[in-house]
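Notes follow the structure.
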Amino acid sequence: MKIFLDSADINEIKELCKTNLIDGITTNPSLIAKSGGNILDVIKEICGLVSGPVSAEVTAINHKDMMMEAEKLLNLAENVTIKVPLTSDGLLTCKELSKNNVSVNVTLCFSSSQAILAAKAGATFISPFVGRLDDIGQNGLDLIYDIVEIYNNYNYKTQVLVASIRGVNHVIESAKIGADVVTIPTKTFKEMFNHPLTDKGLKAFLSDWQDTGQSIL
Ligand code: G3P
């Protein structure tokens, strides 16, 4: 399973990319707004920090303007993935871009029917939002299970990119279901490293080692 970072914060991205465990980045208009930077500058800088795909979202709502925005974003770097909303115009844009071998991430997916349409439009990634479904009392992970099953039934090539992740459990369950990618906030990525028994075990090993008086170097 690939791990993308859901962030437009340059410092965070720089720090976490040092782990060599980040396969790509996703951004959205809210994250760009939070970064305080100009979208074109921010996306260009992020693209220079990672070799994997960087999702940059269009903000137009009609197909023609989406295509013009996509062209501008694609000129920034070779690893730009165009993110479009799951609307009729978004899927028209997806179809046209994917025909030209442009990588497209279809976002704001909340149902299996939407995911089927995105696959038929040639999306490279579909982004179902698990956390926001949980927030309204549904089980977001049920949607991931359904989409993975449907895509497998028809051998759709569209990758399931689980978004709106709220914690480590969402990551683990997505992996068990067989999702292709998770995009996670920095906090969740850092939490993935942690286990109290790791800390306790390391402390004991280091203490025993110190008692030997040895040194490997
Ligand atoms: O980038 C899309 C998605 O990950 C947003 O997450 O936490 O705003 O629901 P969230």
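Key figures
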| item | result |
| --- | --- |
| Approximate spin-label separation Asp180-Asn101, in nm, with each point projected 7 Å along Cα-to-Cβ | 1.7 nm |
| Pairwise Lys count, the range 23-155 - Cα closer than 21 Å, eight or more residues apart or different chains | 17 |
| Between the range 101-145 and the range 30-97, the alpha-carbon center distance in angstrom | 18 Å |
| FRET efficiency, 1/(1 + (r/R0)^6) with R0 22 Å, evaluated for Glu12 and Leu40 via beta carbons | 0.65 |
| Using alpha-carbon coordinates, inclination of helix 168-177 to the longest axis of the chain, degrees | 60 degrees |
| Accessible surface of the range 2-212, 1.4 Å probe, proportion on carbon and sulfur as whole % | 53 percent |
| Isotropically averaged projected area of the range 2-212, using the convex hull of Cα atoms (one quarter of hull area), nm² | 13.6 nm² |
| Over the chain: helical MRE at 222 nm, DSSP H runs n ≥ 4 each giving -39500 (n - 2.57), nearest 500 | -15500 deg cm²/dmol |
| Whole-Hz couplings from phi, Karplus 6.51/-1.76/1.60, listed for the range 194-203; x for Gly and Pro | 8, 8, x, 6, 5, 4, 5, x, 5, 4 |
| Model label zone, Phe193; criterion: amide N under 16 Å from point 7 Å along Cα-to-beta-carbon; scope the range 6-43 | 12-23 |
| For Asn105, net neighbour charge (Lys/Arg +1, Asp/Glu -1) across residues whose Cβ lies under 13 Å away | -1 |
| Rounded accessible area per residue of the range 3-90, 1.4 Å, Å² | 49 Å² |
| Net +/- balance of residues flanking Val162 in space, Cβ distance below 10 Å, scoring K and R +1, D and E -1 | -2 |
| The range 1-137: relative contact order in percent, alpha carbon pairs under 8 Å with at least 6 residues between | 16 percent |
| Simple label model, 7 Å out from Cα along Cβ direction - Lys200 to Asp134, nm | 2.6 nm |
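The values are calculated or read from the model by the stated rules, or taken from the named source; none is laboratory data. Given the structure is predicted, the values throughout are model-derived calculations rather than measurements. For neighbour counting, all protein chains shown are included, and Cβ atoms are generated from backbone atoms with ideal geometry for every residue, glycine included. Accessible surface is based on the protein model in full, side chains and every heavy atom, while ligands, DNA and RNA are left aside. Shrake-Rupley method; radii C 1.70, N 1.55, O 1.52, S 1.80 Å.
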